[in-house]
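Peer 1: Here it is, the structure, as structure tokens.
The values are calculated or read from the model by the stated rules, or taken from the named source; none is laboratory data. Predicted model, so just to flag it, every value in this text is computed and none were measured. For neighbour counting, all protein chains shown are included, and Cβ atoms are generated from backbone atoms with ideal geometry for every residue, glycine included. In case anyone asks, the SASA skips ligands and DNA or RNA and just uses the protein heavy atoms, side chains included. Shrake-Rupley method; radii C 1.70, N 1.55, O 1.52, S 1.80 Å.
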Amino acid sequence: HRPEVRCNAALALRPLLSADSTPNSVLLALINASEDQDDRTRVHALAALAATRSPEALPHLVKALSDRLPLVRIRAALGLARVGDQQSAPYLIEVLERKEETDEVKRFVARSLGVLLKVSGEAGLSTDPEPWRKRAQEAGILQGG
């Protein structure tokens with residue numbers, strides 16, 4: 001029942017997880033912890049969830065892009081890049097479109113998009129959503145419109 005125990009458990013699990021060796025029970029525990037009331041627990045649970053590289057992590061990482069805490073949103077963006085499913089790019093582009101989003105979160109989102117869409121250099125750091133939307137359309141990930 002103690003948040004520090006849940007937080008430390010998520011933190012300790014992260015280096016032990018991989019795509020091919022994460023038991024379902026651990027995955028489910030991390031999914032639950034990704035919505036914990038404790039901010040630190042959510043941050044560490046999302047990092048550990050991303051380390052599993054499981055497709056089951058995707059909806060929970062996407063949901064965390066709307067968390068009230070910027071650090072959680074950053075961790076979610078980095079997690080989506082780590083899982084590596086390009087289909088999450090539109091959700092990251094939506095974050096760049098938010099007028100109220102912090103510059104720091106947008107910078108990490110741009111880095112994550114760069115990883116997902118394999119864009120490097122200055123182009124991979126742009127926080128302007130338009131070039132990302134265009135790249136996602138070219139990659140067949142996002143419909144034109």
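Peer 1: I need every pair where a residue in the stretch 60-76 that is closer than 19 Å to Lys99 by Cβ has its Cβ under 6 Å from the Cβ of a residue that is surrounded by fewer than 21 Cβ atoms within 10 Å (Cβ to Cβ) and among the β-branched types (Val, Ile, Thr), sequence separation at least 6 or different chains.
Peer 2: As it stands, the answer is Pro70/Thr102, since those pairs meet every condition given.
Peer 1: Give me the pairs, please: first residue somewhere in the stretch 120-137 and aromatic (Phe, Trp, Tyr), second residue anywhere and loosely packed, with under 11 Cβ neighbours inside 10 Å, beta-carbon distance under 8 Å, and either six or more positions apart or on two chains.
Peer 2: Listed pairs, sorted by first residue: none to list.
Peer 1: Of the residues Ser34, Ser25, Ser54, Ser66, which single one is buried (at least 22 other Cβ atoms within 10 Å of the Cβ) and of a type outside the set (A, V, I, L, M)? Give the steps one after another, and end with the answer.
Peer 2: Details: Ser25 fails: buried (at least 22 other Cβ atoms within 10 Å of the Cβ); Ser54 fails: buried (at least 22 other Cβ atoms within 10 Å of the Cβ); Ser66 fails: buried (at least 22 other Cβ atoms within 10 Å of the Cβ).
The match here is Ser34.
Peer 1: May I ask you to verify whether Lys134 is within 12 Å of the chain's Cα centre (by Cα), in a helix (DSSP H, G or I) and surrounded by fewer than 17 Cβ atoms within 10 Å (Cβ to Cβ)?
Peer 2: On the way: within 12 Å of the chain's Cα centre (by Cα): no; in a helix (DSSP H, G or I): yes; surrounded by fewer than 17 Cβ atoms within 10 Å (Cβ to Cβ): yes.
Against the criterion (within 12 Å of the chain's Cα centre (by Cα), in a helix (DSSP H, G or I) and surrounded by fewer than 17 Cβ atoms within 10 Å (Cβ to Cβ)), Lys134 does not qualify.
Peer 1: For the list (1) within 24 Å of Arg42 (Cα to Cα); (2) open to solvent by less than 20 Å² (accessible area, probe 1.4 Å), I need the number of the one condition that Gly84 fails.
Peer 2: Condition (2) is where Gly84 drops out.
Peer 1: On the basis of being buried (at least 20 other Cβ atoms within 10 Å of the Cβ) and among the β-branched types (Val, Ile, Thr), does Val115 make the cut?
Peer 2: On the way: buried (at least 20 other Cβ atoms within 10 Å of the Cβ): no; among the β-branched types (Val, Ile, Thr): yes.
No; evaluated as a whole, the condition is false for this residue.
Peer 1: Another question about this same structure. Specify the residue that is surrounded by the fewest Cβ atoms within 10 Å (Cβ to Cβ); the eligible residues are those in the stretch 72-81 that are under 21 Å from Gly124 (Cα atoms) and among the aliphatic types (A, V, I, L, M). Break it down into steps so the answer makes sense when it comes.
Peer 2: So the first thing to find is which residues in the stretch 72-81 are under 21 Å from Gly124 (Cα atoms), and the list is 73-81.
Still in the list and also among the aliphatic types (A, V, I, L, M): 74, 76-78, 80-81.
Working: Ile74: 24, Ala76: 32, Ala77: 31, Leu78: 19, Leu80: 29, Ala81: 22.
Step by step, filter the stretch 72-81, then rank; the result is Leu78.
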